[in-house]
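The values are calculated or read from the model by the stated rules, or taken from the named source; none is laboratory data. Nothing here was measured: the structure is a model prediction, and the numbers come from that model. Note that we place each Cβ from the backbone using ideal geometry, even for glycine, and neighbour counts take in every protein chain shown. Calculation scope for accessible area: heavy atoms of the full protein, side chains included, ligands and nucleic acids excluded. Shrake-Rupley method; radii C 1.70, N 1.55, O 1.52, S 1.80 Å.
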Amino acid sequence: MDVLGPILFAFLTLMIVGGGLGVVLAGRITTSALLMAFTFLNMAGMFVLLGSETIAAFQVLIYVGAITVLILYGVMFTPQTPRAYGLFFQKQTPWGALVAALAALPVIVVAFSFHDAASLPAPGGDLNALATAVFTSFAFPFEVASVLLLSAMVGAIVLVKREPASRPPAAPPDPERPV
Amino acid sequence: MPVGPFGLDPLVWAIIRLIVAVVLVVALILNSSLLLIYLERKTQAIMQDRIGPYHTGPFGLLQTFADALKLIAKEDVRAGQTDVAFFIAAPALVFTPMLASYVVLPFAPPLVGADINIGLLYLATLGSMGVLGIVIAGWASNNKYSLVGGLRSAGQLISYEVPGILSLVTAVLVVGSLSMVKITESQTGPITNIFIIPLAFATYLVSALAETNRTPFDLPEAESELVAGYLTEYSGMRWGTMLALTEYGNVVVVCSIMTTLWLGGWNGPGVAAVPILGVVWFTLKVYALILVFMWVRATLPRLRIDQLMSFCWKILIPVTLLNLAVTAVLLIAFPTTLLPVAIANWILLVAFVVLLPVLQQRRLRHLRARLRERTATASLAS
Amino acid sequence: MTLVPLPAFIAVSATLFFIGVAGVLVRRNAVVILMSVELMLNATNLAFVAFSRRLAVAGERGSVFVVFVFVVAAAEVAVGLAIILAAYRNRPTVDVDQLDEMKG
Amino acid sequence: MNIDVVGLVWLVPGIPLAAAIVNGLFGRRWLHRATGVIASVALGLSAVLGVAIFFAVVAAGHVARTVTLYEWIGAGDFHVNVAALVDPLSATMVAVVTVVSFLIHVFSNGYMEHDPGIHRFFTWLPLFVFLMLTLVLADNYLLMFVGWEGVGLCSYLLIGFWFERPAPYTAANKAFWMNRIGDWGFTIGTILTFLTFGSLTFHDVFPKVAGVAQTQPLTITFIALAFFLGATGKSAQLPLYSWLPDAMEGPTPVSALIHAATMVTAGVYLVARSTPLFAVAGPALLVVAIIGAVTALFAATIALVQVDIKRVLAYSTVSQLGYMFLACGVGAPIAAVFHLATHAFFKALLFLGSGSVIHATEEQDMRRMGGLRRKMPITYWTFLLAGGALAAIPPLAGFWSKDEIVGAAFTNGQPILWAVGVGTGLLTAFYTTRMIYLTFHGEPRDHHLYDHAHESPAVMTVPLLLLCVGAVFAGLVLGFPPEAGFIHRFLEGTVTAEAAAQSELPNYVLIAGLAATAVVAGLIGIAIGYAMYARRRPDPAAVSRAVGPIYTLLWNKYFVDELYDHRILEGGRALFGAAWAFDAHIIDGIVDRLAWLVSLLGSGLRRVQTGIVGNYALSIAAGLLILIVVYGGYATGVLHR
């Protein structure tokens, strides 16, 4: 069993980085969306590896089950022209890539300056701890978050809702009158 | 070095167990699907005063096997301009989460794949994943009926997930655990949860019908409007996987959830002495619920998409939310007894059943009046 | 079972985050930009969970933030897509470079 | 059962506030006339509690208890609590305010019955009372200021209640602006108090007064004068008095409330409350006394010739308030509070009585009334008794308190002010007689009006009768024997600095002599009034012709309004014009130039805004890069702090 953790980690890392790159590089937008869902799934695996099954479950529930589907809806309601690579490049592409890479390097280097704590939390589920934290210390932010969600929902509906046609609907044919 | 059974390395033992389990579960799903299709056809036939399949095998028992063989033997057809990769991936995306659900189903005390402490959450999670495959299937078919069907299904599934999960949460509040085994173990007596929170059971039943695309919520397969929805372009075993295996597999899963949460799962006479007897009780209860599903199918007509959505958002979600709030408050107020919760839930159930038709009637009258008004003004204008 | 060390997770998180940054910077399709933002949020989630589990933070404090990130992500996608659709209705494109009416 | 009534003191203002909130929120849609009932019941409860607190304080003797609700402001050394100071003075005020307000609320139910804005009326009326009670109960100047300003606001709202007509809203504006001038004085006083004493709480400030007076007498004088400026604004003293007669444009119950229980008494209360401060501010005290006396005389002369029944009463209020300030000024604050209490009863009664008359006749001009005595007996008799109290006829309430004030002026060495007081008493008796004769006696001068007049309903007459009891007996109960009555024993030590004077017996011979003089003056006034208006010998018209210019002067209220309107406002306008020009050309000019510069800069920077989202994102990422480099530089020690 000694090797299982690192092997899993390596596998998931490959999948996550590959999936993320795929999202950014894929020519077709549906591919991007599906690869994003794939990345999210592997991220959930990462959470399980870290011992946070609850977060992993939420991750799948929300990101895969809701957000990806929502984005697919967005994809399907807007025209995705086949000239995807026409949409791909722009003048600042090399600059953008350069800035991202330059910023990534020091951060990844800094990442290796962290160390695990001496005593780790006992394995075996984060459900109770998470629930306790959310409903005690973080009860107020939790409520605020729910208000945020509600307002986002209302806002999205208002944004997308079409103006009702001002013209009254045409009268249905009168069955009594001969045509 | 720890040693597993039969002198095997634990890792190897685990892998062997995994393979055996997967094979068993797939076989189970396949067989139960075949059986369920037969059952469905027979029950529908009986309820419609027909005979149903009777040629192949005794009482037509082998009819579905023959159908399955035909599906497997069929040519793998793809319509032109389908998105091949997605077209192939979609059935797998629908099937896999359903398959994964079986891991946590508690068939009997010795027969549980994994008792994880977030079992129910895990099931809800997997339930939400199938949507992805359906949307992809609709998209990949490159056919407007498929696309509309896929989007409708996705909208329906996502919407009905909300009341479904809220009903589950109500049950979880009463039991106090997300683990399927613990939930089962909490209902050893004759008073199972269905007597305590009947309204949650009713709302979950409705959501489950919608989540499994069963009548009266089987819009994706609304032939008169959409051909066969996202399934239009599928044929052969891909179609078989998506429709037969997944649909009936999902029915089994949701019925198992209901059995576990409300009907006491494997509990029944004799289980304490002979644990493996639990499988019998569990299966019996699940099949009873499936028969209810089939009964509903034979009885109710299909809803329109707008009726379906407004029923979910305007009626089901408010009712489940109210139920959840009332249950939570009563549980806090009376921490020692479940009696107030039960009374409140029964009252709410009766109110729901009685008030719903009344309100619907009033709404319909209102709508008809408005329509008449508009017609009158329109004819005046013309 | 040997534990995968904390820096590894943080490094993965950082990598994914900057992949998302690059996606936002180089892609022109609004929906893909939204997806890249989701990648970035997910990368931060990994960092949160990793720190929460491995720095022995009392009571899963880091994971709580992940819950809030979920909320923000869901809200962001809903509103973002609504904006994209509204913009698309005004101008039949999802190419952000063509939506430049606000230029000075 | 032993209930800590004093601890419940916050309910006294709280209940009217609750009524105001309920009426304000639901009055328009649902409650309509029920607002009156709600407000009246609330005020009734409040009055019961207020009286209970009064008796609790009486029973406990000289208490001064602070009931803290919460800390309002706590910043550094500056602490202000929302706290109530319950002592004999505030208890007396609370009892008077709540009882009189309650009766006025009940009366208003009848008076406002047919007004479409009744819900508005009964929102603001309890709010008015709430703010007045806040003012009275406050244990520091800042909280008092809240009530002070709130009372001003409510008076503005209520005077301008019939805002559809021009006169009420003009009057409301006038009241507001004049009060603002006074409030400015109050603000200055408050700031100076804090700077001088380092606190605004009464029980912190007053013990230090004597010490500071030794070192900085000028500061104390200045603070006292600033507060007095505030008091002149609220209590309508010279030179800020002219809003009060104009405030007659509001509904009559409002006038009653303003004149009797709230608003105008605030100034007197402020001076009485600050007695320790004023006592050591020698010159300021003299200013208070002189202004009080002059106002009393001045307003009384104007009241002689007014024909509007409410205006006569308004000027009489100004005059009586002058008496109260005179009392404060000559070192007899107890007499001032005493007179405030008795005045509250008989003036409320007079106003409600006049309201009853106006309600019956829909006319305010006394020249068109007459003979109403037969039609409105209850109103007539209560009005007569209240008029007697105003004219200081023994043994009615006004006699005891006013006599004490005038006597105090003499005994404290101000014979000129005493003479002014006695003379004003004569005038008061005269115009009271004139008012009663013109309204109720003689032959009806307008028969149409007379025929339609009727006695008011019980909801209006019952408050009149109840107030009448107060107007007749309040003086006797509170102030007998003179100089040593109940109110003296009660307020001694709270209002006056020390209770030293208590030991020696008052000089009753002197008091009796002074009282006799005042009574004789009052009787002369009544006799003249009777002669002129009942017997027509001499005829009033002839008299007014004989003293032509003086009559014109009085008739036009000494032309004060015209003076304010033309001279002072013109001066003010010129000043404001200059200020505006400075603002428009110098200050705005600088800003305009700056804006021009910014817009120049902006038109250059405009090119940066490409409208392309990617560019913005890139700049954000570049900023992030810089942050990372800087943070990484510090973290790795490449950059040193």
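Taking chain B as a Gaussian network, Cα atoms linked when under 10 Å apart, which of B:P163, B:P53, B:P91 shows the biggest mean-square fluctuation? Taking springs between Cα atoms under 10 Å, the residue moving most is B:P53. In a simple Cβ point-charge model (Lys, Arg +1; Asp, Glu -1; nothing else charged), region B:1-73 has a dipole of about 140 debye relative to its Cα centre. Computed from label points 7 Å out along Cα-Cβ, the spacing between A:T132 and B:I46 is 5.3 nm. With the simple spin-label model, which puts each label point 7 Å out from Cα in the Cβ direction, the D:R537 to B:A272 separation comes to 12.1 nm. Modelled spin labels at D:I191 and D:L218, positioned 7 Å past Cα toward Cβ, are 1.9 nm from each other. Extension gain for D:I590 to D:R545 (0.36 nm times residue separation, less C-alpha to C-alpha distance): 9.9 nm. Computed with a 1.4 Å probe over protein heavy atoms only, the accessible surface of chain D comes to 42 Å² per residue.
Solvent-accessible surface of protein heavy atoms, probed at 1.4 angstrom with all chains present, puts A:K161, D:K347, D:K174 in the order A:K161, D:K174, D:K347, largest first. The distance linking region D:13-42 with region D:518-537 is 46 Å (Cα centroid to Cα centroid, whole angstrom). The lysines whose alpha-carbon is closer than 20 Å to the alpha-carbon of B:K182, local same-chain residues fewer than 8 away aside, are B:K285.
Enclosing the Cα atoms of the protein assembly as shown in their convex hull gives a volume equal to 304 cubic angstrom per residue. For D:K557, the lysines whose Cα falls under 29 Å of its own Cα, not counting residues fewer than eight places away in the same chain, are D:K174, D:K234, D:K310, D:K347, D:K402. If I take R0 = 51 Å and measure r between the Cβ atoms of D:V469 and D:L553 in this structure, what FRET efficiency does the formula 1/(1 + (r/R0)^6) give, to the nearest 0.05? Efficiency, rounded to the nearest 0.05: 0.80. The stretch between B:L28 and B:L339 holds 108.0 nm of extra length on full extension. This uses 0.36 nm per residue minus the Cα-Cα distance. Across the accessible surface of chain B, with the other protein chains kept in place and a 1.4 Å probe, carbon and sulfur atoms take up 72 percent. By the combined test of axial Cα extent (at least 30 Å) and Kyte-Doolittle hydropathy (mean at least 0.0), the qualifying DSSP H helices of chain B come to B:10-47, B:119-140, B:144-175, B:278-299, B:339-381.
In this Cβ point-charge picture (+1 for Lys and Arg, -1 for Asp and Glu), the protein assembly as shown has a dipole of about 2300 debye about its Cα centre. For region C:8-57 versus region B:17-64, the spacing of their alpha-carbon centroids is 47 Å. For region A:1-84, taking Cα atoms only, Rg and Dmax work out to 14.7, 50 Å respectively. Quick one: buried accessible area between C and A, total over both chains, 1.4 angstrom probe, nearest 100 Å²? In total, chains C and A hide about 7000 Å² from solvent. What the pair-distance distribution of chain D shows, using all Cα-Cα distances binned every 20 Å from zero, is 18, 49, 22, 8, 3, 0 percent. May I ask you to derive the FRET efficiency for A:F77 and D:L69 from their Cβ-Cβ distance with R0 = 60 Å, giving the value to the nearest 0.05? That gives a FRET efficiency of 0.55. Taking region B:160-191 and a reference point 7 angstrom along Cα→Cβ of B:W346, the backbone N atoms nearer than 20 Å belong to B:171, B:174-175, B:187-191. Over the residues of chain D, the helix contribution to mean residue ellipticity at 222 nm works out to -24000 deg cm²/dmol, using -39500 (n - 2.57) for each DSSP H run of at least 4. Using the Cβ-Cβ distance between D:Y564 and D:V509 with R0 set to 45 Å, the FRET efficiency from 1/(1 + (r/R0)^6) comes to roughly 0.45. Rolled with a 1.4 Å probe across the full set of protein chains, the surface gives D:L11 an accessible area near 80 Å². Each Lys and Arg contributes +1 and each Asp and Glu -1, all at the Cβ; summed about the Cα centre of chain D, the dipole is approximately 800 debye.
Positive end of the dipole of region B:1-73 (Cβ unit charges, origin at the Cα centre): among B:Y54, B:L39, B:T64, the Cα lying farthest that way belongs to B:Y54. In this structure the amide hydrogen of D:D308, modeled in the peptide plane, comes within under 5 Å of the amide hydrogens of D:M366, none closer than 5 places in sequence on its chain. Taking B:P357, B:P216, B:P275 as the candidate residues, the one with maximal mean-square fluctuation in a Gaussian network model of chain B, Cα springs under 10 Å, is B:P357. Express in whole angstrom the spacing between the alpha-carbon centres of region D:350-401 and region D:542-565. Using only Cα atoms, the two centres lie 26 Å from each other.
Report the residue, chosen from B:I257, B:I197, B:I15, that carries the largest GNM mean-square fluctuation when chain B is represented by alpha-carbon nodes joined by springs under 10 Å. Highest fluctuation among the options: B:I15.
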